[in-house]
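Below is one structure; the comments refer to it alone.
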Amino acid sequence: MMGTEPADQLAVRRANLSRTLRHIRAAGPGSRAAIAAATGLHKTTVSSLVEELLSRRLVRETGLERSGTAGRPGRGVALSPELGAVGIELNVDYLAVHGCDLTGRTVVERRVSFDAARRDVEGCLDDLAEAADRALAELVARGVTPVGLTVAVPGLVDVARGVVVVAPNLGWRDVPVVSRLAKGLDPALRVGVDNDANLAALAEFTWGVAAGTADLVYLTGSVGVGGGAYGDGRPLRGAGGARGAGAGGGATADARLLRGADGFSGEIGHLPVEPVGDPCGCGRTGCWETKVGLAELVRRITPEFAYGLGDGPIPDPQERIAEVRRRLDARDPAAVDAVTGIGRWLGHGGAILVNLFNPRVVVLGGYFADLADHLLPAAQAQLTRLAMASPAARCHFVASDLGFTAAARGGAGAVIERMIDDPTTVPADG
């Protein structure tokens, strides 16, 4: 039927399928009549759209629901739990997996220690492939058909080509992640790769403590420090209309993650904050992550856990953080002084981001979230002091509750977003 329709009609239908699916996700189960009333689409159009979504297993029918005070009740329509996705994050010291269904229900989630520094690229990719196979099989065993898989990596990623251009902390350059992983997987499965901070920002925007906040910046808190920024779709003015302090601008952006001209935005850990500072893994000096990255925290407080030392198994990042917290709770002077200093640098870099993007909230992930009670006083004070629009901008730091699996969750979320953006990418039964 659809193969004979003109291209413009196909585009309209795809848009209406996406519109219907987005409404169901936002509003929850509802009758066809209720969907028509809310979306402004004709009832017969909605009925046809729902039938197609049912054939693609993107929605399911629920019990009878009444859309008003009169008339017969209709069958409700809800998102289907039959389809799902997997996200996998490969970082310097851990590998995280998250699998969920279309409703967002977590089906698989775990994180294991992973020593990327002691593996070559092929070894890392072998481990990625093994983790992917296992997670996909677990989804299937639990009655969820995976539609796609996204890998999160800390570095510059050419999303269109599926290539990690450079990941300094992993020692990667021009690694074709997608083509390598896709070799052993079902050809129908969509495989992608993206920057870890971008995917974590997607997870925060969709499920996190500041979900739905139009102007949001997310910061990873790991060995590397990355960021993802969400805009609200208006001209680039920010939450308070003051974005871009120090320069004018009138470019427009869609209501989505801000990626930049080449898709490489978010490398905020490499903001030069101290020109004569410490060397960074990227080859430059004085980058922000040399001041606030997890490696710096460990070096200053628990040098016995420092990265690159010892021949035994690499500790999980939360094991390192637990020891730091123990010393902070004991009011160890060196630990308190180190974290206060890191908090000031966190606020310093945060103020640069606030001056650029004028977000409503800066979400702290990774170890920043775990130690937020110790980091935030100094960080917020520095942000307030250095942000041009403060206190008018009313921006504040907030700790994420998604933990170290945020990027993996965002990887699965990216697959789901693609399904909802274009439901025709999911084959119809029969």
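Bear in mind these aren't lab numbers, they're just calculated from the coordinates by the rules spelled out. These numbers come from a predicted model, not from an experiment. Note that we place each Cβ from the backbone using ideal geometry, even for glycine, and neighbour counts take in every protein chain shown.
A few points about this structure:
- Normalised by the number of residues in the chain, the average gap of Cα pairs under 8 Å and 6 or more apart makes the relative contact order 18 percent.
- For the chain, the dipole from Cβ point charges (+1 on Lys and Arg, -1 on Asp and Glu) about the Cα centre works out to 1500 debye, to the nearest 20.
- The order of the peptides 316-324, 179-187, 405-413 by mean Cβ neighbours within 10 Å, most packed first, is 405-413, 316-324, 179-187.
- 222 nm mean residue ellipticity, helices alone, for the chain (DSSP H n ≥ 4; -39,500 (n - 2.57); rounded to 500): -12500 deg cm²/dmol
- Rounded to the nearest 10 degrees, the inclination of helix 121-141 to the longest alpha-carbon principal axis of the chain is 40 degrees.
- Ordering of 124-136, 35-47 by burial proxy (mean other Cβ atoms within 10 Å per residue, highest first): 124-136, 35-47
- Matching label, Rg and Dmax of the Cα atoms in Å computed from the structure shown, candidates (1) 23.0, 75; (2) 24.1, 74; (3) 26.4, 101: (1)
- Crossing angle, helix 196-207 versus the chain [Cα axis fit, 0-90 degrees, rounded to tens]: 50 degrees
- Given +1 at the Cβ of Lys and Arg, -1 at the Cβ of Asp and Glu and no other charges, the dipole of the stretch 93-154 around its Cα centre is 300 debye to the nearest 20.
- Label positions at Ser179 and Thr145, each projected 7 Å from the Cα along the C-beta direction, are separated by 3.0 nm.
- Modelled FRET efficiency - R0 35 Å, Met388 with Val276, Cβ distances, 0.05 increments: 0.85
- Under the criterion of Cα pairs below 8 Å and six or more residues apart, the relative contact order for the stretch 261-389 equals 20 percent.
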